Amino acid sequence: MIKAKKILVRASNWVGDVVMATPVFRCIRENFADSHITLLIKRNLIKR
């Protein structure tokens, strides 16, 4: 198992792709619970 302290995840540029990738984001969080995870995503894809 990899022990990463910081993880950067680059998200897709399309809304549908980001939605489809949501389970992947959850899986990363579950497997790296002690890591600092940053999601790099375009501003227009963030729900406000």
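The values are calculated or read from the model by the stated rules, or taken from the named source; none is laboratory data. For clarity, every value in this text was computed on a predicted model and none was experimentally measured. Glycine gets a Cβ as well: all are built from the backbone with ideal geometry, and neighbour counts include every protein chain shown.
Observations on the model:
- Near pairs, Cβ below 7 angstrom, 6+ apart or cross-chain, from the range 21-47 (more than 13 Å from I7 (Cα to Cα)) to any residue that is of a type in the set (S, T, N, Q) and outside any helix (DSSP H, G or I): A21/S12; K42/N13
- Residue in the range 26-48 that is modelled with the lowest pLDDT, counting only those that are assigned to a helix (DSSP H, G or I) and surrounded by 14 or more Cβ atoms within 10 Å (Cβ to Cβ): L45
- Once the range 2-13 is narrowed to residues that are loosely packed, with under 12 Cβ neighbours inside 10 Å and within 17 Å of N44 (Cα to Cα), the residue that is nearest to the chain's Cα centre (by Cα) is R10.
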